[in-house]
Amino acid sequence: MALQFELAGSQIDGTRGYQEDAFLITNLTDKEGNTSALVIVADGMGGHAAGNVASNMAVQAFNKHVSANYPTDKHATILRECVEMANNSIKETIAETSALAGMGCTMVAAILEKGQMWWASVGDSHVYLLRNKELIKKNADHSYGGFLDRMEAAGTPVEPEPGLARNMLMSAIMGEDLGEVDVSAQPFPLQAGDKILICSDGMDTLSAGKIIQFSDWSETPKGCADDLLQAVEAANMPKQDNTTIVVVNVSAAPQIETPAPAPVQQIVTEYMAEDEPKSGKAGLFIGIAAVLVIGIAAAVFFGMQDKKLSTPVDTEELAEVIIEEYAEEEAAEDTEEEALQEPMDEAEDQEAAETAAAEVAEAVAEEAEPAAPSQEFQDELKDGGTGPVMIRINAGEFDMGSPSSSRFSDERPRRLVKVRPFAVSKNEITFAQYEQFAQATGRRMPDNLYMDKASHPVIFVSWDDAFYYTRWLSEQSGRRYRLPTEAEWEYLAGTGKRSPFWWGYDEEPNRAHCFGCGSGLDPRKPTKIGSFAPNEFGVYDSAGNVAEWVQDCWHDNYKGAPSDSGVWEGGDCAYRIARGGAYSSPPQSIRHTKRDKFKSDQVYDHIGIRVVRDL
């Protein structure tokens, strides 16, 4: 019997004023084209910035090595190598920045594939199996208490040494020689009805009975994760640690009951396995012929969603869905704070406490002026055809960044920015639009993953590719096209508002395409441009779908940033900024103030292009 997985994860700060845990759910594709998943949870040590740096660095290194070597028949070997990669990444960083000495993390990771699970762990985080109302810890416990328990179970009990606490770690990822590493030598077979809990040791606040109880009450992974974290908070333990949990529901994959009519039947026969559906996260693909309707159930719905949804497609689209093979996700999405961020000093904390309420009240009371009517146009190109549809954005001013009470130091300090008028592309640049440039200049054409070129945003383009695309548009049109500055992008995306999203303060469903946005779209790839309502400037997909390169080089924060909307000179130009979040980002990462940095000469499967034009 084929099995499918549903996954969701969440975390809380506990009584800490900062988050040192990091987690990631990555989609993988096995050798038969079936969708699998990698789950990683890391618990940082070393205090605020250092703990956060260590956990996120380890997660990224682990994810990158799995993605680069998957699919594989050597799961245990790859997982062990990943642990070494994570450890080496911390070692190298400490060597470069001695102030970070002592930082580290514990880590647990699992690969879920074909109804089986492999895991690797270092430290005291957990892989729990919940089966038939019994909670079973599958991975080893590398705390001192775990060592004592193992010795007792082996019939060779050891007297505890005075002064050593049971929660003292015996092994951790700290850039030094690794102590104990637990890697499953063989895959663990899963059953329909199983629930997997992959979590940090903050979950130790709850007894096994409580975990079973709250897990039984929740049918969906998202509901289960939320219920367990609420129970941890309700316990009101002093010095409650950060807590992160990823929940996996294992169930039987629905079977295809009605054969599809030709020619789709031929495609199904050729590209789908007999026993398991090929597609991954999406829920149900419904409808092909004018009269005949078939229900094809997808194997997995991976990510932050808590329910399966349906999307009607025609015959051609269904065929594309069946034969798609997706590129593996490369980078750890959604690092909530960038590396080496500085904690707010005491004066800033006091200021935040005094001003946070006032700033929120001011922002809520603030009535945004209605946007000017859209003024659309297209420039003709010398080689034929027209450029992107552009929208005029009038001059204005806005508060850029997040308030002093924000925990995202790279988004502070907030400042007033005056914006000059400019024009911006109504939609993200499509594969078809980019192909004109690639063919004319002999540049590499990125893989479109079987997506429709005319309607899907281009991805797998570096910042350099995006820059030269704007140069080509300028030469073809006689007008100056370019990438938006970071200030221009935040203004056009947020329409000048202080609220986190252009539509308001809450994560409203079906506003954008992201990992948990409630759109019902496949969270493994971008969707068609313009699939959601535009913002008040008439700009589509300024939140989610694909992130968008901007002109500026990376700066760690806004200290010294200019008050106009021009390019901020200086910074680390080996890294450029992408804004807006993507289909693979959680809702909090599609805020228009969210900043992410990426290598300018590399391509990513979630970053595309939006262009502006001088007026």
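The values are calculated or read from the model by the stated rules, or taken from the named source; none is laboratory data. All figures in this text were calculated on a predicted structure; none of them were measured in a lab. Cβ sites come from the backbone with ideal geometry, for glycine too, and all protein chains shown count toward neighbours. Surface areas here come from the heavy atoms of the whole protein model, side chains and all, with no ligands, DNA or RNA. Shrake-Rupley method; radii C 1.70, N 1.55, O 1.52, S 1.80 Å.
Overview of values
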| read-out | value |
| --- | --- |
| Pair-distance profile P(r), taking every C-alpha pair of the range 39-127, with 10 angstrom steps and integer % | 18, 50, 25, 7, 0 |
| Segments 553-561, 573-581, 593-601 sorted - mean Cβ within 10 Å per residue, highest first | 573-581, 593-601, 553-561 |
| Per residue accessible area of the range 10-119, 1.4 Å probe, in Å² | 33 |
| Table column - 3J(HN,Hα) (Hz), the range 501-509, Karplus curve with 6.51, -1.76, 1.60, x for Gly and Pro | 10, 5, 8, x, 9, 10, 7, 7, x |
| Cα gyration tensor shape of the range 446-564, rounded if a/c is under 1.5, else prolate or oblate by comparing a/b with b/c | oblate |
| Accessible area of the range 503-551 divided out per residue, in Å², using a probe of 1.4 angstrom | 32 |
| Loop sites in the range 65-128: trypsin sites (Lys or Arg not before Pro), DSSP, at most 13 other Cβ within 10 Å | Lys74 |
| Protection-proxy order for peptides 510-518, 527-535, each taking the mean of Cβ atoms within 10 Å per residue, highest first | 510-518, 527-535 |
| Isotropic mean projected area of the C-alpha convex hull, the range 380-420 (nm²) | 4.9 |
| Protein accessible area in the range 121-225, 1.4 Å probe - carbon and sulfur % | 51 |
| Normalised per residue, the volume of the convex hull around the Cα set of the range 154-197 (Å³) | 198 |
| The range 384-529: C-alpha gyration tensor shape, a/c 1.5 cut-off, then a/b vs b/c | oblate |
| Amide H contacts of Met117 (H built 1.01 Å from N, under 5 Å, at least 5 apart or other chain) | Phe188, Leu190 |
| 28 Å Cα-Cα threshold exceeded, pairs from Lys195/Lys453; Lys31/Lys137; Lys64/Lys426; Lys74/Lys138; Lys64/Lys222 | Lys195/Lys453; Lys31/Lys137; Lys64/Lys426 |
| Cα-based shape type of the range 425-465, given that a ≥ b ≥ c are square roots of the gyration tensor eigenvalues and the cut on a/c is 1.5 | rounded |
| With every protein chain in place, the range 417-521: carbon and sulfur % of accessible area (1.4 Å) | 44 |
| Most to least packed among 228-240, 26-38 [average Cβ atoms within 10 Å] | 26-38, 228-240 |
| Cα-centred dipole magnitude for the range 16-140, charges only on beta-carbon of K, R (+1) and D, E (-1), debye, nearest 20 | 320 |
| Taking the convex hull of Cα positions in the range 400-485, its mean projected area over all directions (nm²) | 7.9 |
| Two-decimal ratio, the range 79-197, of alpha-carbon radius of gyration to 2.2 N^0.38 Å | 1.21 |
